[in-house]
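Structure first, commentary second.
All of the numbers you see were taken from the coordinates with simple rules; none came from a lab. Computed from a predicted model, the values in this text were never measured in an experiment. Quick reminder, even Gly has a Cβ in these numbers, built from the backbone with ideal geometry, and neighbours come from all protein chains shown.
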Ligand code: ADP
């Protein structure tokens, strides 16, 4: 769920939840209030009775008052029965009320021990209009009383009045209690709701952010191995995923840099070692010439040719070094052109044929492509690849009289496959997967001189930049075949041109 939706969801209960709970608690409190205090009353606990208390008090005694009215009409002598009066009064006392019976102007029965003189002095006279009303009258000063009056005639024909007095002051402590309970429940509800929402906010937002912060601390301290735990499937979760990706990327780039630095160190040491060998030879042969050791023209020519060959080796090494640094900066200068593969390889073979002959190598070229099969390639860089592979075939031909190199071109549907096969020392299965790695040299070739471990990695880079693949198959002591592919020029390519 998105963070924005979560925030909306939080705000909804933040308003609705306390409101609902407050309404429910008011209803429960008012219900229990009226139920518990006026359990004998005719009116059940409703919000109405809670709000309009006078009406509630009035209703509480209305049943008794109705009965009194009926008796006054039908059997007024009942009011002279002390048992009946006591029974009615006891029932009224449970409702904060009591009876007063007046004969002439004298009170002959008072249903309470406490005498409210001033209230009694205000009681309406016999025949007063309120006697017919149901709701009675209210006295506010000095005490709050609701008075209901019913006139009747005693059996000795004396006028009599029966009053129900309800003390409204008793209601105030109940109210105080209920308001206190209400305030308490509102505070409790608000506290509970805010605690719930705070916990939710912590769980949903603060906890993942803390984990993220721990992650950044770990990275600052150099720990690039531990991922941040992803708790949510929202924007924060996405942020954690991106953070973990960034951590992995950072770790990779640091490892790459360390590897690159290590490789560069190794390269410098390899190259300086590899340059030293031809340089020592050049120095030795030059000194020999200067010292007059080359005393015959044949010797002189041999010495000079050796110096030339060694200088060529050095040139080759420096060339590889320069192309390797261009690979690092991705700045190999390509000049792609459409080339006829057959004529290109024929020219190549002419060029390298004499070289191979000199190195006591036989070679054969087999072209299985149709006439005018074109590929898109940079002729100069492609030559570098072919030369690298062929020079390896010479370097690793082993101690035999004559080495053989077979070069085959095979036409496939969309590409041309070039195969360069030798019968040299071969490569062990352990070394074979690594020979295209930079600076990798198989155990068998480490002792031999003239290898920098760059040739095949440079060839791989060039072939891949041409959109092709390069791989090898080999058998130790039998020979090696290096394969690479070059994409053919399609009709679409031609149209594009
Ligand atoms: P190097 O300058 O050492 O020849 P390369 O990148 O050209 O570097 O080759 C990497 C390694 O692969 C070589 O050191 C050698 O062990 C092995 N290798 C490459 N070509 C051949 C081959 N034709 N025969 C045997 N081993 C080979």
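What distance in nm separates the two pseudo spin-label positions at residue 437 and residue 260, each 7 Å out from Cα along the beta-carbon direction?
1.9 nm
Any idea what angle helix 171-201 forms with the longest principal axis of the chain, computed on alpha-carbon atoms, 0 to 90 degrees, nearest 10?
Taking the Cα atoms of the chain, the angle to 171-201 is about 10 degrees.
Could you give the distance between the Cα centres of segment 77-128 and segment 295-344, to the whole Å?
Cα centroid to Cα centroid, the span is 133 Å.
Compute the long axis of helix 455-465 from its Cα atoms, compare it with the longest principal axis of the Cα atoms of the chain, and write down the angle in degrees, 0 to 90, nearest 10.
With rounding to tens, the tilt is 60 degrees.
With a cut-off of 8 Å between alpha carbons and a minimum separation of six or more residues, what is the relative contact order of the chain in percent?
Values: 617 pairs, mean separation 46.7, N = 497.
Dividing the mean separation by the residue count of the chain yields 9 percent.
Using a 7 Å offset from the Cα along the Cα-to-Cβ direction at both residue 19 and residue 213, what is the distance between the two label points in nm, to one decimal?
Distance between label points: 3.5 nm.
Which number do you get for Rg(Cα) / (2.2 N^0.38 Å) in segment 334-487?
On the way: Rg = 14.9 Å, N = 154, 2.2 N^0.38 = 14.9 Å.
For segment 334-487, the normalised Cα radius of gyration comes out at 1.00.
Calculate, for residue 413 and residue 335, the FRET efficiency according to 1/(1 + (r/R0)^6) with r their C-beta to C-beta distance and R0 35 Å; round to the nearest 0.05.
Details: r = 27 Å, r/R0 = 0.76.
So, using R0 = 35 Å, E works out to roughly 0.85.
Run the numbers on segment 235-326 and let me know its relative contact order in percent, using alpha-carbon pairs under 8 Å that are six or more apart. Mind dumping the intermediate values first?
Values: 28 pairs, mean separation 26.0, N = 92.
Dividing the mean separation by the residue count of segment 235-326 yields 28 percent.
How far apart, in nm, are the 7 Å Cα→Cβ label points at residue 66 and residue 305?
Calculated label separation equals 14.1 nm.
Does segment 57-129 come out rounded, prolate or oblate by the C-alpha gyration tensor, with a ≥ b ≥ c the root eigenvalues, rounded set by a/c under 1.5 and, if not, prolate when a/b is larger than b/c and oblate if not? Mind showing how you got there, number by number?
Details: a/c = 1.30, a/b = 1.09, b/c = 1.19.
Verdict is rounded for segment 57-129.
Taking the highest mean first, how do the peptides 329-342, 76-89, 149-162 order by number of other beta carbon atoms within 10 angstrom per residue? List each step's numbers first, then the result.
On the way: 329-342: 12.9, 76-89: 14.9, 149-162: 17.0.
The densest-packed peptide leads the list: 149-162, 76-89, 329-342.
Going by the alpha-carbon gyration tensor, a ≥ b ≥ c the square roots of its eigenvalues, is segment 235-326 rounded (a/c under 1.5) or, if a/c is not under 1.5, prolate (a/b greater than b/c) versus oblate? Please report the intermediate quantities before stating the final value.
Values: a/c = 10.42, a/b = 5.10, b/c = 2.04.
Judged from the Cα gyration tensor, segment 235-326 comes out prolate (a/c at least 1.5, a/b above b/c).
Over the chain, what portion of Cα pair distances is larger than 36 Å, expressed as a whole percent? Before the final figure, lay out each step's value.
On the way: 80161 of 123256 pairs.
Across the chain, Cα pairs with separations above 36 Å total 65 percent.
Between segment 347-369 and segment 455-493, how far is it from one alpha carbon centroid to the other, in angstrom?
Between the Cα centre of segment 347-369 and that of segment 455-493, the gap is 18 Å.
What full-extension length gain, to one decimal in nm, is calculated for residue 28 and residue 77 as 0.36 nm per residue of separation minus the Cα-Cα distance? If you can, show how the numbers build up before the last one.
Details: separation 49, 0.36 × 49 = 17.64 nm, distance 4.46 nm.
Full extension of this stretch gives 13.2 nm more.
Could you pull out which residues in segment 142-161 have an amide N less than 13 Å from a spot 7 Å beyond the Cα of residue 122, following the Cα-Cβ vector?
Only 142-148 fall inside the zone, counting backbone N under 13 Å.
Tell me the angle of helix 53-74 to the major Cα principal axis of the chain, expressed in degrees between 0 and 90 and rounded to the nearest ten.
30 degrees
Nearest 5 percent is fine: what portion of the DSSP beta bridges confined to segment 334-487 is antiparallel?
75 percent
Could you tell me what percent of the DSSP beta bridges with both partners in the chain are antiparallel, to the nearest 5? Don't jump to the answer; show the numbers that get you there.
Numbers: 48 of 56 bridges.
The antiparallel proportion sits near 85 percent.
Need the full-extension length gain, residue 182 to residue 248, defined as separation in residues times 0.36 nm minus the C-alpha distance. One decimal, nm.
Details: separation 66, 0.36 × 66 = 23.76 nm, distance 5.74 nm.
So the extension gain works out to 18.0 nm.
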